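As structure tokens, the structure follows; a few thoughts come after it.
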Amino acid sequence: MSSGANGHGATLAEKILARAAGVDTPVPGQIVEGNVDLAMMHEQGAQTVAPFRAMGAEKVWDPDRVVVALDHWVPASTEGAAGLHRILRKFAAETHLSHFYDVGHHGICHQILAEDGWVVPGDLAVGTDSHTNMLGAMGAFATGIGPTEMAAVLALGQLWLKVPSSLAIEVRGTFGPGVTAKDLILRILGEVRTTGAAYRAVEFSGPTIQRLSMPERFTICNMTTEMGAKAGMVAPDAATFDYLRSIAKHAMHPLSPDADARYERRIAIDVEGMPPMVACPYSPDNVRPLPDVAREHVRIDQAFLGSCTNARIEDLREGAALMKGQKVHDGVRFIVSPASTKIYEQCLKEGIIEIFTEAGAVFTNSSCSACFGGNMGILDREEVCASSSNRNFPGRMGAKEARIYLMSPAAVVASAIEGEIADPRAFA
């Protein structure tokens, strides 16, 4: 058991930031200068180029530690998006950034970092997207930053960070049929709320978390962003190391929180008997048991199975198993978008694309797709969408009057079949 400057053990966030900054265990609120292990940019990264040049930088501190991924508008769907892509391609060529996931090899940035082993235990990882938190499932401190901050990181490989206080969420119990990690994180959001973890690090632990696969851990860490968290984290264990064994791009430095670490708040969750959950409009924390909402017969216009939260091969396999032999309900548009090109190719090999398209769904190339309201699948006023994504604020997927219900992939498929918000357990 270690003891930091605060006289007690350290949280996982404190340990990783101490390693990154080369200092003794810092205390919450302290400013540290951390050495970045991995930096990621997507289209918003185009806005880093001007400040990078303005500060007189000519070289990226370590091109091998920078990943660029096109994911929001792929292929470019507007002239503006085409301009962002051009800026990034030019910048990557000029600064010798070889880890560029361009059209044809693309995918949602967080999924690419996960499936290709770019983030490993103990890393300080930053990205120009708020859901970079997802990579904390690797036992890393992963967080989103703005374009000006990223410009400094590209030039110097360092970033000032205020050490966050931490919340500990311990989860016990066994999921019942039809209940998933998405239902768990929605339930937690309903309790913590969208501001309950503002600039905190959220650490997940407990027997239930230990049994989760890495894709399931990605889902729960991804949506810590919706709590306002600076980072969402799971301490590395055998599942982490097994996942990374053949794909890790650089050396791991695994760390774990001390038994006597001090947390701002501890939350205990028991999932025994928990039903599937749904976040109703207009906030991810407006969470209710899905069976209660299903009894209200909420008709939908669109279903969306995709996003960095739930578009991995496991999610699409689960959805296809429910969809097989079924049809998309008349009047419902069902959009399925895999999280990466690799996942698309796997769906092609396994016949998953055929199952969805034969049922009447549209299976797209990998991208952020309908999630952010800027590319395909945009909703009109008063339309209703069942979505496996992470946000349902007004205007998130198009018109501010549109209503978005967040749920698991299985629930999205069940809703697409029924034409209204539906409980996936009815198809078991």
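No value in this document is a laboratory result; all are computed from the given coordinates. What you see is a predicted model; the values in this text were computed from it and never measured. Here Cβ is always computed from backbone atoms with ideal geometry, including for glycine, and neighbour counts include all displayed protein chains.
See the values below:
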| read-out | value |
| --- | --- |
| Translational D in µm²/s for region 277-423 (Stokes-Einstein at 4 °C, 1.567 mPa s, Kirkwood Rh from C-alpha pairs) | 89 µm²/s |
| Isotropic mean projected area of the C-alpha convex hull, region 1-119 (nm²) | 9.3 nm² |
| Which of A361, N392, V287, positive extreme of dipole for region 277-423 (C-beta unit charges) | N392 |
| Gyration tensor over alpha-carbon atoms, the chain, equivalent ellipsoid semi-axes in Å | 33, 27, 18 |
| Cβ-placed point charges (K, R +1; D, E -1), dipole of the chain about Cα centre in debye, nearest 20 | 300 debye |
| Simple label model, 7 Å out from Cα along Cβ direction - A428 to S246, nm | 3.3 nm |
| FRET efficiency, E58 to E350 (Cβ-Cβ, R0 41 Å, nearest 0.05) | 0.30 |
| Rg followed by Dmax, in Å, when region 46-106 is reduced to its Cα trace | 11.9, 33 |
| Span-rule helices in the chain, defined as complete DSSP H runs reaching 20 Å or more along the axis (Cα) with Kyte mean at least -1.0 | 79-94 |
| Ranked by how many other beta carbons lie within 10 Å on average, peptides 164-177, 66-79 from highest | 66-79, 164-177 |
| Average Cα contact separation per residue, the chain, under 8 Å, 6 or more apart, as relative contact order % | 17 percent |
| Label-point separation, R381 to R265 (7 Å along Cα→Cβ), nm | 3.8 nm |
| Cubic angstrom per residue, convex hull over Cα atoms of region 189-278 | 128 Å³ |
| Percent RCO, i.e. relative contact order, over region 277-423, from Cα pairs under 8 Å lying at least 6 residues apart | 35 percent |
| Positive dipole terminus of the chain, leading residue within S256, L154, C347 (C-beta point charges) | L154 |
| Residue among S307, M323, H297 farthest towards the positive dipole end of region 291-337, charges placed on Cβ | M323 |
| Cα centroid of region 413-428 to Cα centroid of region 232-308, whole Å | 21 Å |
| Cα-centred dipole magnitude for region 1-113, charges only on beta-carbon of K, R (+1) and D, E (-1), debye, nearest 20 | 80 debye |
| Cβ-based net charge around A399, under 9 Å, with every Lys or Arg adding one and every Asp or Glu removing one | -2 |
